[in-house]
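What follows is one structure encoded as structure tokens, with my remarks underneath.
The values are calculated or read from the model by the stated rules, or taken from the named source; none is laboratory data. Model, not experiment: these values are computed from the prediction. Quick reminder, even Gly has a Cβ in these numbers, built from the backbone with ideal geometry, and neighbours come from all protein chains shown. We work out accessible area using only protein heavy atoms, side chains counted, and drop any ligands, DNA or RNA first. Shrake-Rupley method; radii C 1.70, N 1.55, O 1.52, S 1.80 Å.
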Amino acid sequence: MLVFVDESGDPGLETERGASELFHVVTVIFADPDEALACEKRIDQLRSELGLKPEFEFHFNKLSGKLRKRFLQTVAPYNWFYLVVTINKKKLWGGGFQFAKSFYKYAVKLVFLNASRFLENATVVIDGRDSRHFRKQLAAYLRQQINVPEATRITKVKVQRSCANTLLQLADMVVGAVARSFRKDKKDRLAYKRVISHRELHSQVWPK
């Protein structure tokens, strides 16, 4: 089982100084590694169809609306699912949330608590550029929070850069579509999430 994690927004709480009001974390789950490989190959093929270089990185915020839809329509038939947690930072309280890394770890924990019943011996790949020390902390934290004596839900946690992992780019496109759906100022806000709506297992806005 493979799980890919990405986020949209920033972990800062100073929304009055430009920090995002919402922070979204998505997990994209492939129960079958062969299906993950097939989806990855199809994305590689899409690059060729579009005349893009093999190393081209699909990033939701950098693509046109047409390419966003084309990408999501291409991956939608494959057997993967996603869960998302959206954190409304204006409703948070407690000193721990003032620290970006603590906030991030808590947000990731929330989405994995929702996903835990679907996980078994999962390898988790998280998009990020953090230090080796923080990566080790995050891996230990997730295993401690999610694994239980009767079930090993997470066996390995990796932190990679999305430019080197096509399926992390899929997670980016999914979380981008979710984040866009909250933008009431955008006419196309529901257009992208609608394409992959049948792949959504769970969506939570926290705190309520």
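Taking every residue in the stretch 50-70 that is touching a residue at least 60 places away in the same chain (Cβ under 8 Å) and within 12 Å of Tyr192 (Cβ to Cβ) and pairing it with any residue that is open to solvent by less than 90 Å² (accessible area, probe 1.4 Å) and of a type in the set (Val, Ile, Thr), at least 6 positions away or on another chain, the pairs with Cβ-Cβ distances below 7 Å are Lys69/Val195.
Of all residues in the stretch 116-127, those that are closer than 8 Å to Val3 by Cα have Cβ atoms under 6 Å from Cβ atoms of residues that are β-branched (Val, Ile, Thr), 6 or more apart or on another chain, in Ala122/Val3; Ala122/Ile154; Val124/Val3; Val124/Ile154; Val124/Val157. Taking (1) open to solvent by 40 Å² or more (accessible area, probe 1.4 Å); (2) touching a residue at least 60 places away in the same chain (Cβ under 8 Å); (3) among the aromatic types (Phe, Trp, Tyr) in turn, Phe103 satisfies each apart from (1). Cβ-Cβ distances below 8 Å connect the following pairs, each with a first residue in the stretch 169-191 that is in contact (Cβ under 8 Å) with a residue 60 or more places away in the chain, a second residue that is outside any loop (DSSP other than H, G, I, E, B) and of a type in the set (Asp, Glu), and a separation of six or more residues or different chains: Ala171/Asp6; Ala171/Asp127; Asp172/Asp6; Asp172/Asp127; Val174/Asp6; Val175/Asp6; Val175/Glu7.
Looking only at the stretch 142-157, filter to residues that are in contact (Cβ under 8 Å) with a residue 12 or more places away in the chain and surrounded by 15 or more Cβ atoms within 10 Å (Cβ to Cβ); which one of those is farthest from Asn121 (Cα to Cα)? Per the stated criteria, the residue is Gln145. Only one of the numbered conditions (1) of a type outside the set (Lys, Arg); (2) in a helix (DSSP H, G or I); (3) modelled with pLDDT of 90 or more is not met by His133, and that is (3). Screening Leu119 against (1) open to solvent by 20 Å² or more (accessible area, probe 1.4 Å); (2) under 30 Å from Lys208 (Cβ atoms); (3) among the hydrophobic types (A, V, I, L, M, F, W, C) leaves a single unmet condition, (1). Looking only at the stretch 158-204, count every residue that is within 26 Å of Phe134 (Cα to Cα), aliphatic (A, V, I, L, M) and not in a helix (DSSP H, G or I) and tell me the total. Count: 1. One residue stands out among those in the stretch 171-190 that are out of contact with any Leu (no Cβ under 9 Å at 6 or more places or on another chain) and open to solvent by less than 20 Å² (accessible area, probe 1.4 Å): the one that is farthest from Gly9 (Cα to Cα), which is Ala171. Being closer than 19 Å to Glu57 by Cα, open to solvent by 70 Å² or more (accessible area, probe 1.4 Å) and basic (Lys, Arg): is that true of Arg161 here? Yes: the conditions hold for Arg161.
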